[in-house]
Every structure is written in C-alpha cells, then in structure tokens.
Amino acid sequence: MASKSKPVEERQPLSESNNTEITEMKLPDAKGQGKIFTNGISDVPELVRLLREEAKII
Amino acid sequence: MNKILIFAESKNNEFKSPAFEAVTAGKFIAEKLKSEFAVITVNNADENHLKSLGKFGAKDIYSVNLDDLNSLSGKPDIKYSHSAFAAVISNFAKTKGFGTILISATSFGKEIAPVISARTGFSVVTDIVDLSGIESKTVKRPSYAGKCYTQVKINSDNFILTLRPNVFKASESESEPAIHKIEAGTLGIGAGDFKSYVSEVVVSSGKLDVAEADIIVSGGRGLRGPEHFHLVEELAAVLGAATGASRAVVDAGWRPHSEQVGQTGKTVSPTLYVACGISGAIQHLAGMSSSKYIVAINKDKDAPIFQAADYGIVGDVFEILPAMTQEIGKLKS
C-alpha cells in the first residue's frame, strides 16, 4: 500500500533531434514458388543438376 | 563529406570475408559520397596479412598492434578487450576527423558498435543489408527478425554502420596499400578503457563457423538423434560447408549451441543453405531466410520450410542425404 501512496513525479520527454528515422517498412519481396520434387531419392540427380547448372553453386 | 573509417576485423591475425566485405562496402560508399576512406586494424598481423586488404581496394591501412594495446591494461593475462578496441576506434576516428565508421555486424562488431556510438556520439544503424540509398543517407536493414525490411534515414552528420556478413560481396580491386603503424599509447588509451577483457579463448572445434560459411548444411529433429548427424556432416564435407542445427536439436543436446541457426542462435546469409529434417518454424526462418538459395529436404510435404525453399525434395533424409553426398562427390571428383 505504501507504494500506491508514493507520489509519482511527472516529467516531460526531452525534445532531442532524431539522429535516425524510419521512413519506410515493407515486407520482403514475394518469393516465387520453389522447385519442389516429390519422388524422393530418384529426384536427387535432378536437384544436384539444378544446383550446378541453374543456381551455379556447386 | 565525412571521411570513412572501416574497422577490418581479424581472427588469429588473419582477415576473413567480413573484413573484405567491409572494405568493399567502404570503397563503394566513398565513391558514392565522393569521400575518402581508410582502414583500421587491431591485431598482431604481419605486413603481408595487412596488405591482403589492398586486394579489395584499401589504400591506407592504420595498424594498431594488439600486444602494445594490451600492455596498456596492466593485466598479464589479457587476450583482448572489446571496450579497448572501441576506445581505439573512437579516439582514432575523432582525432583524425573520420565521421563515418563501418563495422561488420559479426558478434564482435555487434558488441563494439554501440560502445563506439556512446563514446563518439555518432548515431548507429545496425545489420545493414542494402547501401544503394547511401547518397541520400538512407540504408536498409531487416526488422522483426527478418519479417520485414526498414528504410532508415540518417539525419546526423556522423554515423556508424554495421554490415550484415555475406550480403556485400567482396570484390577485388587491386591497390598497393600504405601501412601506417599507430602506437596504441598515442591514442589516449588508459587502463580504465579495459572495462572487461577476455583472458582465455578455448576453441570448441576447428570447424568452419556457421556465421562465416558460404554454404551451410543444417540438421533438425527429422534426423531423430545425434547418432545420425554424420549424414549432415558428410554432405557438408563434400560441399566444403559448415554444419548448422535447429533450436530443437540444440535444446535436446544433440549439437552445440555454436551451430544453432535462428532467432535465438546465429543469423546467417550463405549462398546455399541446405535444411535437412527441419520443419521451418518461424524462429528458424528468421535466422536463415536471407540465404541466397535454400534447399529443403523433409518428408512432410506441408512443412513450412518448403515455402521458403528455392529447391526441395519431399522424402526421407536418411535416403536423400547419402544420395546427395554421393552425387555431389562424383561431380567434385
């Protein structure tokens, strides 16, 4: 109860200039549907081929 | 326009890709703003290692010797101190008139950037992924764990930018750099600048750090137990990749926390991220969705990871992973 009776000091917020400001927020660009294979292990050679020839990362 | 100071981070006295990326980005900003740039390093690297920054366009490299800096602390067991690094960069920038500071948004950079901001009064924008608007002092950074992107306008003259690793590709631009040795004692550093320090570094493994890797193969609960992670490691070995893990398997004690990718682990942006037996919880996606290519392997065709994937196979990781390892191994040989 003591805390309720304690006076709360009110202060005005300091008026500081904003060093940075957010000018825009947007969602990431929509990603196109990926190439998802559903035949399990038999799709591995095709996946590896795409990584090598299309994405060029292997 | 402000001169630009780039802090080139090193590990064991060698510069890695985040340092080269920072130099490339600094050169890009200097060209856009028609300004000058220089690089500062704090380590015990020899001249050949320092000159490796010249391959990426660094012309002026200011080198502070780490042993000399540490000697100012008066501590015999000191390895390094973040606060002292921040003091070096802050004091050097202020005395030499640098108004823009670039730092990699690595664990180290994330720790020193706000300290430098507090010391210099420069504003700071962290984890930047796009500098194309720098001419109007506007930069882009992810917010809310990567769920959206924020354009931030910098209103102050002096500012610090931290750059997300693996986003700004290091591009070679040969130059013969001038190495300027800076005596740590001339920078106004005292024992009081060593607020805390690292006294011992224990390397948990000699493996490639997941945060620095260009290719990552990560495993999740779909691997059913730590005894099956060799499948992930074998694929990682043929790809020259680091191994990562989802929070679920780290929490289960299957893998060390140093490998955890996600909101409560490391944020990564590799060229290729292979998610094996990972469902793709939003917290995991937050840490890897900015990867250039994502490959998902999961037996559940409705797993959210397939929404984020560029390529994927619906199937059993216990069959797919050995087959991929073999297929890629054939290509490599």
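The values are calculated or read from the model by the stated rules, or taken from the named source; none is laboratory data. Note that the structure is predicted; figures quoted are calculated from it, not measured. Note that we place each Cβ from the backbone using ideal geometry, even for glycine, and neighbour counts take in every protein chain shown.
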Examine the stretch B:11-18 for a residue that is in contact with a helix residue (DSSP H, G or I) (Cβ under 7 Å, 6 or more places away or on another chain), crowded, with 21+ Cβ neighbours inside 10 Å and closer than 18 Å to residue B:213 by Cβ, and state whether such a residue exists. yes
Exactly one condition in (1) surrounded by 16 or more Cβ atoms within 10 Å (Cβ to Cβ); (2) free of Cβ contacts under 8 Å to residues at least 40 places away in the same chain; (3) out of contact with any strand residue (DSSP E or B) (no Cβ under 8 Å at 6 or more places or on another chain) is false for residue B:45; which is it? (3)
Restrict the check to the stretch B:128-145 and report whether at least one residue is out of contact with any Phe, Trp or Tyr (no Cβ under 7 Å at 6 or more places or on another chain) and closer than 29 Å to residue B:70 by Cβ. no
Within the stretch B:260-269, is even one residue at pLDDT 95 or above, part of a strand (DSSP E or B), farther than 19 Å from residue B:320 by Cα and not assigned by TED's automatic domain parsing to the domain that holds residue B:141? yes
Scan the stretch A:16-30 residue by residue and report those that are in a loop (DSSP other than H, G, I, E, B), within 19 Å of the chain's Cα centre (by Cα) and facing chain B (nearest Cβ under 7 Å). A:27, A:28
Qualifying strands (runs of 3 or more DSSP E) (wholly inside the stretch B:66-179; at least 2 residues being touching a helix residue (DSSP H, G or I) at 6+ places or on another chain (Cβ under 9 Å) and more than 10 Å from every other protein chain (Cβ to nearest Cβ)): B:98-104, B:123-128, B:159-163
Condition test on residue B:217, is it touching a residue at least 40 places away in the same chain (Cβ under 8 Å), of a type outside the set (Ser, Thr, Tyr), within 14 Å of chain A (Cβ to nearest Cβ) and in a helix (DSSP H, G or I)? no
Residues that are away from chain B (no Cβ under 14 Å), in a loop (DSSP other than H, G, I, E, B) and modelled with pLDDT of 85 or more: does the stretch A:39-48 have at least one? no
I'd like the residue in the stretch B:180-214 that is without any contact (Cβ under 8 Å) to a residue 40 or more places away in the chain and assigned to a loop (DSSP other than H, G, I, E, B) and, out of all such residues, is farthest from residue B:55 (Cα to Cα). B:202
Which pairs have Cβ atoms under 8 Å, sit 6 or more apart or on different chains, and link a residue in the stretch B:15-30 that is without any contact (Cβ under 8 Å) to a residue 24 or more places away in the chain to one that is aliphatic (A, V, I, L, M) and buried (at least 22 other Cβ atoms within 10 Å of the Cβ)? none
Please work out if residue B:244 is surrounded by fewer than 23 Cβ atoms within 10 Å (Cβ to Cβ) and either in the same structural domain as residue B:19 (by TED's automatic domain parsing) or not in a helix (DSSP H, G or I) (or both). no
Going through the stretch A:49-58 in order, the residues found to be under 16 Å from residue B:330 (Cβ atoms) and assigned to a loop (DSSP other than H, G, I, E, B) are A:58
Suppose we filter the stretch B:212-240 for residues that are under 16 Å from the mean Cα position of the chain (by Cα) and either at pLDDT 95 or above or buried (at least 22 other Cβ atoms within 10 Å of the Cβ) (or both); how many remain? 3
If you go through the stretch B:321-333 one residue at a time, how many are buried (at least 17 other Cβ atoms within 10 Å of the Cβ) and free of Cβ contacts under 8 Å to residues at least 40 places away in the same chain? 2
Scan the stretch B:279-313 residue by residue and report those that are aliphatic (A, V, I, L, M), free of Cβ contacts under 8 Å to residues at least 24 places away in the same chain and closer than 15 Å to residue A:41 by Cα. B:295, B:296, B:313
Candidate set: the stretch A:2-15, residues that are closer than 30 Å to residue B:155 by Cα and not charged (D, E, K, R); chosen: the one farthest from the other protein chains (Cβ to nearest Cβ): A:12
Give the residue that is nearest to the other protein chains (Cβ to nearest Cβ), with candidates limited to residues of the stretch B:283-333 that are more than 15 Å from residue B:222 (Cβ to Cβ) and assigned to a loop (DSSP other than H, G, I, E, B). B:310
